[in-house]
Amino acid sequence: MSKPLAEIPVTSLRGVGPSLAGKLLKLGIYSVEDVLFHLPLRYQDRTRITPIGAIQTDADIVVEGTIKLADIAFGKRRSLVIRMQDGTGTVTLRFFYFSSHQKNNLKPGVKLRCFGQARRGSSGLEFYHPEYELIEDDDVPLNKHLTAIYPTTEGVGQKQWRNLCSQAIKQLQDRPPADLIGNYLQSDFDLVSALHYLHNPPADAQLELLSAGKHPAQIRLIVEELAAHRLAGEHLRQLQKNNHAPLVPVAPKLLEEFSRTLAFTPTDAQSRVVSEICAELSQTQPMMRLVQGDVGSGKTLVAAMATLQVVSAGFQVAFMAPTELLAEQHLASFQLWFKDLPVNVGWLSGRTKGKARERILSEIAENQIQLLIGTHAIFQEKVSFKSLGMVIVDEQHRFGVQQRLSLNEKANGGYKPHQLVMTATPIPRSLFMVAYANFDCSIIDELPPGRKPVSTVLIDSARRDQVASRVKDACESGKQAYWVCTQITEDEESDLQAAEATFKTLHEALPELTVGLVHGKMKPSDKLTAMHAFKAGEIDVLVATTVIEVGVDVPNASIMVIENPERLGLAQLHQLRGRVGRGPEESYCVLLFKHPLSSNSHARLRVIRDSNDGFHIAEQDFKLRGPGVVHGTKQVGYTSFKVASFPEHEYLLSCAESVAESIQSFSPDTTRTIIERWCDLDTGYADV
Ligand code: ADP
Ligand code: MG
């Protein structure tokens, strides 16, 4: 029998040399089967011609006509302008960049077919830089299929994808990949016909369904993909059971004593989650637990109590935060909380260099440091622990799978460390079962007492001066404020420029106040100095970029102004706003939006204004993204999906769940194949 496509390397296809193979490898594509499962992101309809008189703006269309006029226009920018007619109307094609060859070809009387999106321009409907071809003989055929647009990486063009996929499709009939879920799912499509259809949809395919990811051929594959991830999680759980983790006895007395030294009492939710964690630490299999808790729910304290138990059993803990700012803040909290306890807390960041670095590395290796806090620097090869018992990862969405796994490798003596992952990003239960199938979950569903919800208002940025003067009054009565500048354009520098400009204007407008600045491009030491000064109350108004988004804790800051909030996702706004409302003061958040707001933006900002509940906000965020955004997120937690995306495919999770169960019960021998087909084993599944 001939080899299955999963075993035929992609290099067997025409046009795939070492260079292209290398690029494909980066996308996880090794075999011809992988090419087949690299599915189009969207489609274009080049199968029919739209009469010029019937053009709708902002849709990809083909038009055909005869050139009536070709001219160079000198406006703000020189452009080649072509007027084209087809008997139903006239349309303009405009080229800001053009060669003399192009200019010579595009002459009155010439017949053209173009593809692109029309917009309303200075001379009515215009196409800017459309793709076009000259039509010399009247019979140039149109495409018979919708045109697939593939997700890609630098240096691999759409033509190359089409070439690869059409070669792979040709092999599909002769060596069809096994249809692994056909028995368990009602569908008009089997695996082969679904792949065929999606790489080459017929001209009459329903483009809207395809664009929304709701076509039955897509659903056939999505269910299989979700089931595969569910099975992969199960498989991982089994593997984990074979691993040994350090046994950490439950130490209720220790934790009780520790609680008594705190300035506050842990909430019931914190205590419950701590006991869930501690019970699991006392097992000899590694804990894999995700702690979800809204912004400000006190996840750090939960981590501290778990740490205490591990350290008191003689093992080390590594605590990793996504930014230096946040890691430093955790360091300060732990140093304060553990100051009278025999716990040596160490610090390691990318900036720890030379002698200091050597010393800390040797202390880690000798178990003189029981708790190491830092950034991803603590993943590095050179860091070797004497007896690592637990890894804590804060705000996990900021870390990649590889980073997390490399820390997992650091345990020794045949042990795998326990893992505690903390996040403020809520995730629906059904999705959790797929994206984190090998994790257990604890939820801190309560905020510390006395938290007042942050009052949030929407204010037009035209009234910025009034806002500044309100901030001034508040600061003069002893309060502190954040003034957050967000990205105005896509370009990276602008965030920074906006922050610097705002810093300057506020500094001039509010001479009575001390205004500080913190942004991502600052030297880390300057960043920390600014944060310390703010925390110590030496700065009244801290102008910042979104570097302060995650975790920063300055309880006396009770006002936050956010510029261009419409540019940010709701989850991010909620995170940012979580920097205030941490102290006893009434807190305010001003969303300083730019007029005019689209109705969707307005609806989104209203969600933030009206709710302080992270779960509710996340749900509304999903809803409001709506069909306007074709594809939601393909990355959830550590898992990335090829065809499924969220939230739009959440409704398929229960179906996938039962398909996964059926496979487990009735065809367990296909589990490995389905997992390998859909899940990238190299990024986390291979070795846990
Ligand atoms: P997050 O869950 O967002 O990471 P943090 O751990 O930063 O929250 O905690 C937010 C603030 O609440 C910190 O100042 C912390 O010291 C404080 N805190 C934590 N637990 C309690 C509690 N039980 N009562 C009062 N304050 C608490
Ligand atoms: Mg936190």
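The values are calculated or read from the model by the stated rules, or taken from the named source; none is laboratory data. Not measured: the values here are computed from a predicted model. We place every Cβ from the backbone using ideal geometry, glycine too, and count neighbours over all the protein chains shown. Protein only, heavy atoms only, side chains kept; ligands, DNA and RNA dropped before computing areas. Shrake-Rupley method; radii C 1.70, N 1.55, O 1.52, S 1.80 Å.
At-a-glance table
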item	result
Residues that are under 22 Å from Trp337 (Cβ atoms) and either in a helix (DSSP H, G or I) or modelled with pLDDT of 95 or more (or both), drawn from the stretch 350-367	Ile360, Glu363, Ile364
Qualifying positions in the stretch 306-316 - crowded, with 21+ Cβ neighbours inside 10 Å and of a type outside the set (S, T, N, Q)	Ala306, Leu308, Val310, Val311, Phe315
Residue among Ala245, Ala303, Ala269, Ala263 that is crowded, with 21+ Cβ neighbours inside 10 Å and either under 30 Å from Gly520 (Cβ atoms) or within 16 Å of ligand 1 (Cβ to nearest atom) (or both)	Ala303
Which numbered condition Val629 fails, given (1) at pLDDT below 70; (2) closer than 20 Å to Ser430 by Cα	(2)
Filter pass, Gln329 being closer than 26 Å to Thr352 by Cα and either in contact with a Phe, Trp or Tyr (Cβ under 7 Å, 6 or more places away or on another chain) or not assigned by TED's automatic domain parsing to the domain that holds Ile378 (or both)	no
Residue in the stretch 192-203 that is open to solvent by 10 Å² or more (accessible area, probe 1.4 Å), closer than 17 Å to Ser667 by Cβ and assigned to a loop (DSSP other than H, G, I, E, B) present	no
Residue check for Met320: more than 30 Å from Val547 (Cβ to Cβ) and buried (at least 18 other Cβ atoms within 10 Å of the Cβ)	no
Per-region count, the stretch 1-14, residues out of contact with any helix residue (DSSP H, G or I) (no Cβ under 6 Å at 6 or more places or on another chain) and of a type in the set (Gly, Ala, Ser)	2
Single match in Leu226, Leu185, Leu254, Leu231 (criterion: over 25 Å from Ile675 (Cβ atoms) and away from ligand 2 (no atom under 16 Å from the Cβ))	Leu254
When residues of the stretch 10-29 are limited to those that are outside any loop (DSSP other than H, G, I, E, B) and small (Gly, Ala, Ser), the one nearest to the chain's Cα centre (by Cα)	Gly22
Of residues in the stretch 332-344 being within 22 Å of Lys386 (Cα to Cα) and buried (at least 20 other Cβ atoms within 10 Å of the Cβ), the one nearest to ligand 1 (Cβ to nearest atom)	Phe334
Close pairs (6 angstrom Cβ cut-off, 6 or more residues apart or separate chains): at pLDDT below 95 in the stretch 330-349, among the aromatic types (Phe, Trp, Tyr) anywhere	Leu331/Trp347
Output for the stretch 109-131, where each listed residue is open to solvent by less than 80 Å² (accessible area, probe 1.4 Å) and over 34 Å from the mean Cα position of the chain (by Cα)	Gly109, Val110, Lys111, Leu112, Arg113, Cys114, Gly121, Ser123, Gly124, Leu125, Glu126
Leu290 out of contact with any Pro (no Cβ under 7 Å at 6 or more places or on another chain) and more than 16 Å from ligand 2 (Cβ to nearest atom)	no
Residues of the stretch 148-168 satisfying the condition of being outside any loop (DSSP other than H, G, I, E, B) and surrounded by fewer than 17 Cβ atoms within 10 Å (Cβ to Cβ)	Ile149, Gln158, Lys159, Asn163, Ser166
Within the stretch 541-558, considering residues that are touching a residue at least 60 places away in the same chain (Cβ under 8 Å), farther than 17 Å from Gly520 by Cα and surrounded by fewer than 24 Cβ atoms within 10 Å (Cβ to Cβ), the one nearest to ligand 1 (Cβ to nearest atom)	Asp553
Contacts under 8 angstrom Cβ, first residue in the stretch 241-254 being touching a residue at least 24 places away in the same chain (Cβ under 8 Å) and in a loop (DSSP other than H, G, I, E, B), partner surrounded by 14 or more Cβ atoms within 10 Å (Cβ to Cβ) and among the β-branched types (Val, Ile, Thr), 6 or more apart	Asn243/Val688; Pro246/Val310; Val248/Val310
Residue pairs meeting the criteria (Cβ under 8 Å; at least 6 apart or on separate chains; first under 23 Å from Pro246 (Cα atoms) and not assigned by TED's automatic domain parsing to the domain that holds Val391, in the stretch 265-287; second open to solvent by less than 10 Å² (accessible area, probe 1.4 Å) and outside any helix (DSSP H, G or I))	none
Number of positions in the stretch 418-448 that are under 13 Å from Glu650 (Cβ atoms), in contact with a helix residue (DSSP H, G or I) (Cβ under 8 Å, 6 or more places away or on another chain) and not in a loop (DSSP other than H, G, I, E, B)	5
Strands (runs of 3 or more DSSP E) enclosed by the stretch 30-138 - at least 3 residues per element that are of a type in the set (D, E, K, R) and touching a residue at least 40 places away in the same chain (Cβ under 8 Å)	60-74, 111-121
Residue satisfying condition, being in contact with a Phe, Trp or Tyr (Cβ under 8 Å, 6 or more places away or on another chain) and open to solvent by 40 Å² or more (accessible area, probe 1.4 Å), within set Asp71, Asp60	Asp60
Hits in the stretch 275-300 - residues which are hydrophobic (A, V, I, L, M, F, W, C) and within 11 Å of ligand 1 (Cβ to nearest atom)	Val291, Val295
